[in-house]
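Have a look at the structure below, then the notes.
The values are calculated or read from the model by the stated rules, or taken from the named source; none is laboratory data. The structure presented is a predicted model; accordingly, all values stated were derived computationally and were not measured. Virtual Cβ from ideal backbone geometry, glycine too; neighbours counted across all protein chains shown. The accessibility values were calculated without ligands, DNA or RNA, using every heavy atom of the protein model including side chains. Shrake-Rupley method; radii C 1.70, N 1.55, O 1.52, S 1.80 Å.
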Number of protein chains: 4
Amino acid sequence: MKKLRVGIIGATGYVGIELLRLLLTHNEVEVTAISSSSFEGMNIADVYPNLLGYTNLKCENTDEVLEKSDLLFLALPHGLSEEIANTAVAKGKKVIDLGADFRLEDEKEYEKWYGKKYLYGSLHEKSVYGLCEVNRELIKKSPIIANPGCFPTSIALALTPLLKHKLIKKDGIIIDSKSGVTGAGRGLSLTSHYPESNENISPYKVGGVHRHIPEIEQSLGKAYGEEIRIVFTPHLIPVNRGILSTIYCELNEEVSYEKAYDTLVETYESEKFVNIVPKGQTASIKSVTLSNNCQISVHFDERANKLILCSVIDNMLKGAAGQAIQNMNIMMGYEENKGLEFLAPAF
Amino acid sequence: MKKLRVGIIGATGYVGIELLRLLLTHNEVEVTAISSSSFEGMNIADVYPNLLGYTNLKCENTDEVLEKSDLLFLALPHGLSEEIANTAVAKGKKVIDLGADFRLEDEKEYEKWYGKKYLYGSLHEKSVYGLCEVNRELIKKSPIIANPGCFPTSIALALTPLLKHKLIKKDGIIIDSKSGVTGAGRGLSLTSHYPESNENISPYKVGGVHRHIPEIEQSLGKAYGEEIRIVFTPHLIPVNRGILSTIYCELNEEVSYEKAYDTLVETYESEKFVNIVPKGQTASIKSVTLSNNCQISVHFDERANKLILCSVIDNMLKGAAGQAIQNMNIMMGYEENKGLEFLAPAF
Amino acid sequence: MKKLRVGIIGATGYVGIELLRLLLTHNEVEVTAISSSSFEGMNIADVYPNLLGYTNLKCENTDEVLEKSDLLFLALPHGLSEEIANTAVAKGKKVIDLGADFRLEDEKEYEKWYGKKYLYGSLHEKSVYGLCEVNRELIKKSPIIANPGCFPTSIALALTPLLKHKLIKKDGIIIDSKSGVTGAGRGLSLTSHYPESNENISPYKVGGVHRHIPEIEQSLGKAYGEEIRIVFTPHLIPVNRGILSTIYCELNEEVSYEKAYDTLVETYESEKFVNIVPKGQTASIKSVTLSNNCQISVHFDERANKLILCSVIDNMLKGAAGQAIQNMNIMMGYEENKGLEFLAPAF
Amino acid sequence: MKKLRVGIIGATGYVGIELLRLLLTHNEVEVTAISSSSFEGMNIADVYPNLLGYTNLKCENTDEVLEKSDLLFLALPHGLSEEIANTAVAKGKKVIDLGADFRLEDEKEYEKWYGKKYLYGSLHEKSVYGLCEVNRELIKKSPIIANPGCFPTSIALALTPLLKHKLIKKDGIIIDSKSGVTGAGRGLSLTSHYPESNENISPYKVGGVHRHIPEIEQSLGKAYGEEIRIVFTPHLIPVNRGILSTIYCELNEEVSYEKAYDTLVETYESEKFVNIVPKGQTASIKSVTLSNNCQISVHFDERANKLILCSVIDNMLKGAAGQAIQNMNIMMGYEENKGLEFLAPAF
């Protein structure tokens, strides 16, 4: 059977190279071209020696990738995808954007948090927010997928079923998230300088100022049917991969812990990539890093009447490249876990 | 001047050896004896090679240490200190207990969380909770100091001034704490097995079941004058040392962020070991690990009307051995930072 | 097509669980049974939560696994495999032993280094040393494979072609190896206790006393045709996975660096799992960890006339479970990289 | 007593800030001024928050520091110290240079490895190589100290006594060194980017091309009385601090392991900062990091007739700032361990 011609725009960033690693072993597709503004003309295996012996791809420019592929992954800094997506869609190609350009439905929110307007307002109507387990049917029909952010994925998967079924209160949700350093990308900074992030943990963007907030609130608000305000504090932890979101919320009156637990189990029963951890066990990132899985443990604090959820994903996989490939699989009608069958190593 | 004869009971655990390391360079004291049940008879420098060339102390038994010292540090598993403290005090010696035996004033709480009763009820009246910056005057007069737990220290230093001045609400306080692996001690366990804790973060004792909860609530309740219930979730992070407590609470009506900030600054203005981080900066553990310092950053989330505090200490120093020596300095009338003058390394 | 029934004896150690993780996605085989002496009767997914949702296998005993499978992986402490292999082979089953029981051809060497004699001397004649790239033809025909040790694999792959072609001197070879902590297994010890191995590097078994020495010398001696003596120093480094062997040796007269380099390139040109790094680049473990690959960089010190080789593998994959599956693929006539197609992540 | 006025040129690099941290608690000196080209005008505590509450020093320019201090520490990139030292010495000030400008006695070697000539040839006659335990008497009399490099310190302390007493052969010495990431400084680079150095070990400058080689050979040659050629391979390991040099050499005929061991013990018997590890134990960096100590373990490989030395230091302390302060103490006649009394933490 003929393979799908896929291309990666921005292949030498961390998200781009993770996409390439996975797509090279996905047997429905052929990576026909990749681009990189920093390494144009170079063999990708000279930039990333883990690929030595596995590919002869060279970094080209955006136009060449557009030309050579039918489905495009955009792994670019925020603000650079809209233009390319517009061109690609006009040519009948499919686009999966791993940046933020298409994530927010409300242009005002986008303007407020990103400081710019949409270039092509109508293009956004063709896009869908690619949280696979929630929007699967829409994803099948859309030419542009806004691949969700890493923190938002870990949070929305845990809270959506509870909000949708009105099992928890919409007010007072507090989310304390912890992310590995790859979340900050390959760009050099003191924050990611080994001696400063090693043996450290640092909260950042404390106080309601992280750009993932509107995306999280959009997901939760849709699930509940009303606007929701959250408190969200991200922390940088000294690991390469993984996100843990510890989520504090309150059960509605007459709702038991068991009801909440069972609802989560039922929601994800037939899902390949989301697992509810058995009662009495606690999720930790080690169980999911290097896989496309999300695990969620559910706890109840009787003394304070709080429901506590621990939701873990690999920020580069279910939080980025893995979910993007899952989206492609859904769009193209492949088996949903194609190319994503690998299990998390135990260590 | 004659040096104070000090002894360490339980010198080969992590808290004990950290005490020894510090006391060996404290020039008001002489460590006259140390005990260890596991390594009795051995040179301590053969157990801990970092001490090679610095001491010829041998591990003895408890009785020998009791005999040879006038001030005793007890670094023992919970439940073993009361008996020894009773004997020591009867002989006119001073005791600083780094376990939990004397931390809770309410015997019922102790029984509930630790599953046993006090052996010597009246002994507890002679003890004081050694949170130095809060109880300094009482510490001066007491023969038994209950050295605070690591999480409680990080939390009480941040919240006590705010509660005391009624700047925040007593309800709805949520504390999400992260601790380095030394907090679990030297005892072998899968939790501390390198391949399982490295590249991992794991919440544990989620849902109001960690034994530090009654200690935290005791401190906060005293500060506020009423009983307080908190939500507390500890996490294990892959660093050796350091605790970060991210604390979520709500300002009282008519109280501004500035008022809260200024109150913290004023409270700790003359304190050597507690610093409020300048506005706009965020505390991280790297700034305090390997020092006896606590740093607290203060943030306000306008969107959600929440005050967020990030409080960091070294769990082995301000959270254990460092505060114990600070307590000794207060008890004995030494300069409070004697033996604790070292600054945190930048990396 | 009917799948091969495979079993794992010793599935809950690190090597065993890594085998299981890989075999669960190998589409020529079905894991029919696993055993564990410590966790008999338990669901493996309760012991290793990374498997949650991927298998319902329970830990059984050795006899049950022997019964239910046609090919057995033995992932046991040294000394326990011979008996089981004997039984298995008698029943016409194939065995891949990941311990040391069948690695040494000379019983006297085995006795000297392991302190015991062979139980079944003739059984050893049926086994072959499973260094895939060197012994491929023998592996195809043998019912028992002695899967090589991790250090020996990294070393023999680098030195075999050079010794075989007499490009380097057999004397004066010095090997300084560095291994991640999973190499020490899941058994608890202070060496693997997080606070003691984190932020540390420790040489161990210095001075010609590591049990991998006779295995290394056997491989090198066979390649050269004469007995070889090496100096070998292993070090423990604070990473989960990966081995780097830095190898110092001397070119023979009239042999150029280019000749040595080209010989290595030619030897491994058609091999999927061994790559010689381009001149001017240096191998590091990050390029191979979490893959079955070996990368070797080749350097020449003109000032001292020494050839220096840096050989890297993942100790759990090419150094254990990965090579074992590669051996199975060779034995069974599957594509050699079946189940091992995944690339090393870039981070 | 009046304190010595000291200044640091280049205070915001890693070596500079480590000097400042130590000097702030050294009670014979006052840090009167510090400079930084990147952060001129800023409070140092805003650049390095670990100093919050400990100093109000601002970063000034070089001239101001020259003006305000009587002893200068130069913590600059190679090539920038000579000019400043010339000015300082002309004004009667003392200089401790932590760069390479004064380390090599042979200008031709300097030119060969650093690509430039001396600016002030005669100035170099006033300088001495500050390996404290070896050159103590010369250090006392010299106005300029060339503070040794980190790798050279770890190596020269181990080999000098053996070469001086002709216990080992001068030929065939191979040194395999491993260094923590702070050795690469605060400058941003992919090599020190957390996701690339974490879970990795990488050899670098393999094949006789590291600039520390002439410095090492100068030390060893002086000890032996003849020119010496070594093989030296540095590796980057994922720890913040610490150097381990694993050294392979050969005993001279008629020299026993005991003789070598005893000579090392005797040489360092009265030294505060160098300890020979008891026979049967092995040095690891954890025992010395965060102290000014060097520990050396000595091993014999009978099979191959090789002496193996494992020498460990903290690269930022005994390998840089610590030894610099030790040099100052010697120059000024202070107790040699003044300001350096702290012990290495056990974890």
Built amide H within the under 5 Å cut-off of B:V274, gap 5+: B:C294
Bridge type composition, the protein assembly as shown - antiparallel percent by DSSP, nearest 5: 45 percent
Chymotrypsin sites (Phe, Trp or Tyr not before Pro) within segment B:165-234: DSSP coil, no more than 16 neighbouring Cβ in 10 Å: B:Y204
Segment D:15-126, relative contact order [Cα under 8 Å, separation at least 6], %: 19 percent
Too-long pairs where the Cα-Cα distance tops 24 Å, listed order kept, from C:K169/D:K279; C:K166/C:K205; C:K112/C:K166; B:K178/B:K205; A:K93/A:K140; A:K318/C:K272: C:K169/D:K279; C:K166/C:K205; C:K112/C:K166; A:K318/C:K272
Virtual spin-label span in nm between A:E109 and D:K116, 7 Å along Cα→Cβ: 5.6 nm
Distance in nm between pseudo-label sites at C:H78 and A:D171 (7 Å out along the Cβ direction from Cα): 6.8 nm
Nm distances between copies for C:K116, ranked from closest, using label points 7 Å along Cα→Cβ: 4.2, 6.5, 6.8
Euclidean distance of C-alpha centroids, segment C:170-243 and segment D:33-73, integer Å: 46 Å
Förster radius 51 Å - calculated FRET efficiency between C:Q281 and C:S37, Cβ distance, rounded to 0.05: 0.70
Cβ charges +1 (Lys, Arg) and -1 (Asp, Glu), total dipole of segment B:133-234, debye: 360 debye
Nearest-first distances (nm) between copies at A:K141, label 7 Å from Cα via Cβ: 6.4, 7.8, 9.3
For segment B:100-112, 3J(HN,Hα) per residue [Karplus equation, 6.51 cos²θ - 1.76 cosθ + 1.60, θ = phi - 60°, Hz, x = Gly/Pro]: 9, 4, 10, 6, 9, 7, 8, 4, 5, 4, 4, 4, 5
Segment C:170-179 - phi-based ³J(HN,Hα) in whole Hz, Karplus 6.51/-1.76/1.60, Gly and Pro as x: 7, 9, x, 6, 10, 10, 10, 10, 10, 10
Spin-label model distance (nm) - C:E335 vs D:K140, 7 Å beyond Cα toward Cβ: 7.6 nm
Using a 7 Å Cα-to-Cβ projection, C:L190 label spacings across copies, nm, ascending: 2.4, 3.9, 4.1
Cα shape, segment B:1-40, gyration tensor, a/c 1.5 rule: oblate
Chain C: relative contact order as a whole-number percent, Cα under 8 Å and 6+ apart: 16 percent
Karplus-derived HN-Hα couplings along segment D:307-312 (A = 6.51, B = -1.76, C = 1.60, θ = phi - 60°), whole Hz, x at Gly and Pro: 8, 10, 10, 10, 10, 10
Per residue accessible area of segment A:1-130, 1.4 Å probe, in Å²: 43 Å²
For A:A146, net neighbour charge (Lys/Arg +1, Asp/Glu -1) across residues whose Cβ lies under 10 Å away: -3
Calculated FRET efficiency for the pair C:K126/A:K126, C-beta based, R₀ 51 Å, to 0.05: 0.20
Nearest beta-carbon to the D/C symmetry axis - residue in chain D, distance in Å: D:D176, 2
Loop-resident sites, segment D:144-184, for trypsin sites (Lys or Arg not before Pro), counting at most 14 other Cβ within 10 Å (DSSP): D:K166
DSSP-defined beta bridges in chain B - what % are antiparallel, rounded to 5: 45 percent
Candidates per trypsin sites (Lys or Arg not before Pro) in segment A:87-163, loop by DSSP, up to 16 other Cβ within 10 Å: A:K91, A:K116, A:K117
Summed buried accessible area for C+D [probe radius 1.4 Å, Å², rounded to 100]: 3800 Å²
Heavy-atom accessible area per residue - segment D:151-315, 1.4 Å, Å²: 29 Å²
Percent carbon-and-sulfur accessible area, chain C, ignoring ligands, DNA and RNA, probe 1.4 Å: 47 percent
Whole-Å distance, taken between Cα centres, linking segment B:78-121 and segment C:296-347: 58 Å
Additional length obtainable on full extension of the chain from D:E269 to D:K91, 0.36 nm per residue less Cα span: 60.2 nm
Share, in percent, of DSSP beta bridges within segment C:151-313 that are antiparallel, nearest 5: 70 percent
